[in-house]
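Asker: Have a look at the structure that comes next, please.
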Amino acid sequence: MVLDTFLISGLFHVVMLIGLALLLHLQLGLSRIANFGVVGFWGVGLYAFGVLYVRVDWPFGDPIQFVVCAALATVAAGLCGLLVGWLIADLDVDGVMVGTLGFATAVALLATTEQDLTGGALGMGGLRFPYDTGDVAVNELIWLLVLVALVAGILAYVWLVHRNPYGRLLIAIGSNEPLAKSLGKPATRTKLGLFTVTSALMGLLGAMYGVMVRFLEVSSLGIELTLAAVVGLVVGGSVRVLGAVVGVLLTVGVFDIVIQSYIPLPADWYTQTIPLLREVMFGLALILVLVFRPLGLLGHMRRDRLMKRIHGA
Amino acid sequence: MVPESTTTVRPELAARTAPRPRLTLANVVKSFAGRTVVDVEDLSLGNHPIEGLIGPNGAGKTTLMRLIMGSLKADSGQIRLERAGHRDVVLSRLHAHKIAQCGVVKTNQVITDFDGLTILDSLLLSVTPERREFPLHLMGERATYEEHRAEIERQLDHFGLENTRRLALSAGEKKLVDIIRCLLLKPAVLLLDEPTAGLPGEVTQKVMDAVDDLAGNGTTVVIIEHDLDVIWNLCTQVTFMAEGRVMLRGEPSEIREHSTVVESYLGQGHV
Ligand SMILES: Nc1ncnc2c1ncn2[C@@H]1O[C@H](COP(=O)(O)OP(=O)(O)OP(=O)(O)O)[C@@H](O)[C@H]1O
Ligand SMILES: [Mg+2]
């Protein structure tokens, strides 16, 4: 195989973050729901999937077992989205940030303390691919392709949303909720629906990650994942369709794949120095972009061009 | 011989005589931090096509309209909408978006807009039906535009707004777009909060023509204005508010007869 396992898992991480950042684009970029608890919804999907897959005696095997557990995990994350979304519905931006951050912290705490189910700080094994080709690298490559297909689907959906009345509604609600309501738009219900579905999909990405790593660790539930998605989205441009893709590639992609794979770094850096360096570089990228290009590298939404393209000048 | 014009009833006059949508307010009270800002015992709007609402700054006119729209909740009292062919609804029990769906809409005194949306976006948003805004309905954009194109272009022509695919509107343009959004909804009740403030005279006239047209088609219009000439010209019923309460109510001529009361609030030379 040309692709080594290290590269495949790096790519998996990048593509997964593009997916998360695209979902965050719908929440934050269009509807202005400042979700700082991305890792919470992702983590609910990850752990719900892991616990269901490993701890429950299913009467059927893979791939049905995977499909059922992943579906239930997606629903669990969606229900969390519904509940959190309902709690934060009337809060201002600060309240939404604190509320979602608090939710993510609670998820990490629960995963750590519920040792009987999750293995706590020791972690939990027993996950596997829902198929087996006999070669781990091939298994992983196939799983990466499945993820690419899913994220491509999300990207296509986002692209369509921008070109249809639903996207306009989200932008309107995000930009002036009282005005949208005064035109008869059910703003609260729309936001809640969006938050539920996007949170559910974050959960699905979590479940897929669980299969890829096959070992659940509570350390993955830290703030790093949320930060990577937020930084990626903001660096690329939070209001643009391709902002998430460009931003994640330029931050996580460049650091995790290009720098770590092709620049010879001392081996003893990998446990402590590199994760630290990563956060510092992301923080720096964020500051630079916010100072010199506050709307991200891709900039404004450009509805003017889009309207001309769709409806003619 | 009887001239023909007196034997045929003009359609807009026929519409004027049909029962109009009517708003009834009973004991509506609203206070902010212990200060009562609106206290309306009994007010019925819609017995006339275009009603005026006047009063000094801070009288509670905007607050009263916001209570009707549900963007503010009253402390107590009831606001009802009666509409021929529809069930009576208690608006004060509904969410703001439901009130708008009942056909009650308002233009804003303070300029409000959706930033990031073009003029065309803003107008399309207004006319798009809910089913087309469903998250999985991903084909409805062109159809929505084609269905409403004629109406949208008619309004844009009327107001002389050009190049609707652009962002960054001037304050006056935002005000006009706010009004057109409401006109496109063909509302049962249209509340106008100082629609002409900040607009040049000829545009004011266009707004008034459009409003007159809508009223002729059966919409109940309530208009807040500080320019009393507009009120005397357009309205057949005027409500004078001060300190949150309805002080006077009647035809323009009757209000002008009470010039001492009105002038005591608005200053000399207004009536
Ligand atoms: N959200 C609010 N919080 C506190 N006080 C408010 C609020 N909204 C309005 N008020 C107060 O209520 C009173 C009535 O305000 P309102 O805007 O209804 O007056 P108005 O009759 O529309 O005046 P104008 O002619 O200047 O527009 C004012 O004294 C104002 O300070
Ligand atoms: Mg006012």
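The values are calculated or read from the model by the stated rules, or taken from the named source; none is laboratory data. For clarity, every value in this text was computed on a predicted model and none was experimentally measured. Neighbour counts are summed over all protein chains in view; Cβ atoms, including those assigned to glycine, are modelled from backbone coordinates with ideal geometry. The accessibility values were calculated without ligands, DNA or RNA, using every heavy atom of the protein model including side chains. Shrake-Rupley method; radii C 1.70, N 1.55, O 1.52, S 1.80 Å.
Residue-wise test of (1) within 16 Å of ligand 2 (Cβ to nearest atom); (2) modelled with pLDDT of 95 or more; (3) in the same structural domain as residue B:254 (by TED's automatic domain parsing).
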position: B:49; (1), (2), (3): no, no, yes
position: B:59; (1), (2), (3): yes, no, yes
position: B:65; (1), (2), (3): yes, yes, yes
position: B:70; (1), (2), (3): no, yes, yes
position: B:106; (1), (2), (3): yes, yes, yes
position: B:123; (1), (2), (3): no, yes, no
position: B:136; (1), (2), (3): no, no, no
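Asker: All but one of (1) within 30 Å of residue A:309 (Cβ to Cβ); (2) buried (at least 17 other Cβ atoms within 10 Å of the Cβ) hold for residue B:106, so report the exception by its number.
Answerer: (1)
Asker: Can you list residue pairs whose Cβ atoms sit under 7 Å apart, with the first residue in segment B:56-83 being under 21 Å from residue B:110 (Cα atoms) and the second being open to solvent by 40 Å² or more (accessible area, probe 1.4 Å) and among the charged types (D, E, K, R)? Count only pairs 6 or more apart in sequence or on different chains.
Answerer: Filtered contacts from segment B:56-83: B:59/B:243; B:72/B:66.
Asker: Return a yes/no flag: does segment B:190-206 have any residue that is more than 16 Å from ligand 1 (Cβ to nearest atom), within 14 Å of another protein chain (Cβ to nearest Cβ) and in contact (Cβ under 8 Å) with a residue 40 or more places away in the chain.
Answerer: Among the residues of segment B:190-206, at least one is more than 16 Å from ligand 1 (Cβ to nearest atom), within 14 Å of another protein chain (Cβ to nearest Cβ) and in contact (Cβ under 8 Å) with a residue 40 or more places away in the chain, which makes the answer yes.
Asker: Report every pair of residues separated by at least 6 positions or lying on different chains whose Cβ atoms are under 6 Å apart, first residue within segment A:131-142 and more than 10 Å from residue A:8 (Cα to Cα) and without any contact (Cβ under 8 Å) to a residue 24 or more places away in the chain, second open to solvent by 60 Å² or more (accessible area, probe 1.4 Å) and of a type in the set (Val, Ile, Thr).
Answerer: Here the result reads A:139/A:133, each pair linking segment A:131-142 to a residue that is open to solvent by 60 Å² or more (accessible area, probe 1.4 Å) and of a type in the set (Val, Ile, Thr).
Asker: Could you list all residues from segment B:219-246 that are over 23 Å from residue B:110 (Cα atoms) and at pLDDT below 90?
Answerer: Once the filter is applied, which keeps residues that are over 23 Å from residue B:110 (Cα atoms) and at pLDDT below 90, segment B:219-246 yields B:232, B:233.
Asker: Being out of contact with any Ser or Thr (no Cβ under 9 Å at 6 or more places or on another chain) and of a type in the set (A, V, I, L, M) is the filter here; which residues of segment B:105-129 pass it?
Answerer: Selection gives B:111, B:125.
Asker: So is residue B:43 more than 13 Å from ligand 2 (Cβ to nearest atom) and in a strand (DSSP E or B) or not? Give the derivation first.
Answerer: On the way: more than 13 Å from ligand 2 (Cβ to nearest atom): yes; in a strand (DSSP E or B): yes.
Yes: the conditions hold for residue B:43.
Asker: Anything in segment A:192-221 that is within 14 Å of chain B (Cβ to nearest Cβ) and of a type in the set (A, V, I, L, M)? List them, or say none.
Answerer: Within segment A:192-221, A:192, A:194, A:197, A:200, A:201 meet the criteria.
Asker: Something else about it: Which residues, taken from segment B:135-154, are assigned to a loop (DSSP other than H, G, I, E, B) and open to solvent by 10 Å² or more (accessible area, probe 1.4 Å)? Give the steps one after another, and end with the answer.
Answerer: Taking segment B:135-154 first, the residues assigned to a loop (DSSP other than H, G, I, E, B) are B:135-140.
Correct list: B:135, B:136, B:137, B:138, B:139.
Asker: Continuing with this model, one more query. Could you tell me how many of the residues in segment A:296-313 are open to solvent by 20 Å² or more (accessible area, probe 1.4 Å) and among the small types (Gly, Ala, Ser)?
Answerer: Result for segment A:296-313: 2.
Asker: Can you tell me which residue among A:189, A:128 is within 11 Å of chain B (Cβ to nearest Cβ) and either in a helix (DSSP H, G or I) or not hydrophobic (A, V, I, L, M, F, W, C) (or both)?
Answerer: Numbers: A:128 fails: within 11 Å of chain B (Cβ to nearest Cβ).
Result: A:189 is the single residue among A:189, A:128 that is within 11 Å of chain B (Cβ to nearest Cβ) and either in a helix (DSSP H, G or I) or not hydrophobic (A, V, I, L, M, F, W, C) (or both).
Asker: Here's another thing I want to ask about it. Working carefully through the options A:34, A:21, A:73, find the one that is open to solvent by less than 30 Å² (accessible area, probe 1.4 Å) and in a loop (DSSP other than H, G, I, E, B). I'd like the intermediate steps shown before the answer.
Answerer: Details: A:21 fails: in a loop (DSSP other than H, G, I, E, B); A:73 fails: in a loop (DSSP other than H, G, I, E, B).
From the options A:34, A:21, A:73, the qualifying one is A:34.
Residues are listed down the side, and each one gets a yes or a no for (1) modelled with pLDDT of 95 or more; (2) polar (S, T, N, Q):
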{"position": "A:36", "(1), (2)": "yes, no"}
{"position": "A:47", "(1), (2)": "yes, no"}
{"position": "A:72", "(1), (2)": "yes, no"}
{"position": "A:84", "(1), (2)": "yes, no"}
{"position": "A:94", "(1), (2)": "no, no"}
{"position": "A:100", "(1), (2)": "yes, yes"}
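Asker: Let me ask another. Taking the conditions exactly as written (of a type in the set (Lys, Arg) and within 27 Å of residue A:171 (Cβ to Cβ)), does residue B:132 satisfy them or not? Step through it out loud before you land on a result.
Answerer: On the way: of a type in the set (Lys, Arg): yes; within 27 Å of residue A:171 (Cβ to Cβ): yes.
Yes; evaluated as a whole, the condition is true for this residue.
Asker: Moving to a separate point now. Could you tell me which numbered condition residue B:159 fails, if it satisfies all but one of (1) under 28 Å from residue B:65 (Cα atoms); (2) among the aromatic types (Phe, Trp, Tyr); (3) within 11 Å of another protein chain (Cβ to nearest Cβ)?
Answerer: (3)
Asker: Within segment B:61-68, is there a residue that is assigned to a strand (DSSP E or B), open to solvent by less than 10 Å² (accessible area, probe 1.4 Å) and within 16 Å of ligand 1 (Cβ to nearest atom)? If you could, list the steps in order and put the result at the bottom.
Answerer: Looking only at segment B:61-68, we keep the residues that are assigned to a strand (DSSP E or B), and these are none.
No; the residues of segment B:61-68 include none that is assigned to a strand (DSSP E or B), open to solvent by less than 10 Å² (accessible area, probe 1.4 Å) and within 16 Å of ligand 1 (Cβ to nearest atom).
Asker: Next question. Residue by residue through segment B:98-134, note down the ones that are part of a helix (DSSP H, G or I), more than 7 Å from chain A (Cβ to nearest Cβ) and not hydrophobic (A, V, I, L, M, F, W, C).
Answerer: Once the filter is applied, which keeps residues that are part of a helix (DSSP H, G or I), more than 7 Å from chain A (Cβ to nearest Cβ) and not hydrophobic (A, V, I, L, M, F, W, C), segment B:98-134 yields B:98, B:122, B:130, B:131.
Asker: Tell me the residue from B:80, B:93, B:87 that is crowded, with 16+ Cβ neighbours inside 10 Å, more than 10 Å from chain A (Cβ to nearest Cβ), more than 18 Å from residue A:171 (Cβ to Cβ) and not aliphatic (A, V, I, L, M), please. Spell out how you get there, then give the answer.
Answerer: Values: B:93 fails: crowded, with 16+ Cβ neighbours inside 10 Å; B:87 fails: crowded, with 16+ Cβ neighbours inside 10 Å.
Result: B:80 is the single residue among B:80, B:93, B:87 that is crowded, with 16+ Cβ neighbours inside 10 Å, more than 10 Å from chain A (Cβ to nearest Cβ), more than 18 Å from residue A:171 (Cβ to Cβ) and not aliphatic (A, V, I, L, M).
Asker: Further, regarding this structure: Quick one: which strands (runs of 3 or more DSSP E) lie wholly within segment B:155-271 and hold at least 2 residues that are within 16 Å of ligand 2 (Cβ to nearest atom), in the same structural domain as residue B:103 (by TED's automatic domain parsing) and surrounded by 18 or more Cβ atoms within 10 Å (Cβ to Cβ)? Spell out how you get there, then give the answer.
Answerer: Details: elements: B:189-193, B:220-224, B:237-242, B:245-250.
By residue number, B:189-193, B:220-224, B:237-242.
Asker: Tell me which residues, restricted to segment A:162-186, are in a helix (DSSP H, G or I) and facing chain B (nearest Cβ under 7 Å).
Answerer: If we filter segment A:162-186 for residues that are in a helix (DSSP H, G or I), which is where we start, we get A:162, A:165-175, A:177-182.
Within segment A:162-186, A:165, A:166, A:168, A:169, A:171, A:172, A:175, A:178, A:179, A:181, A:182 meet the criteria.
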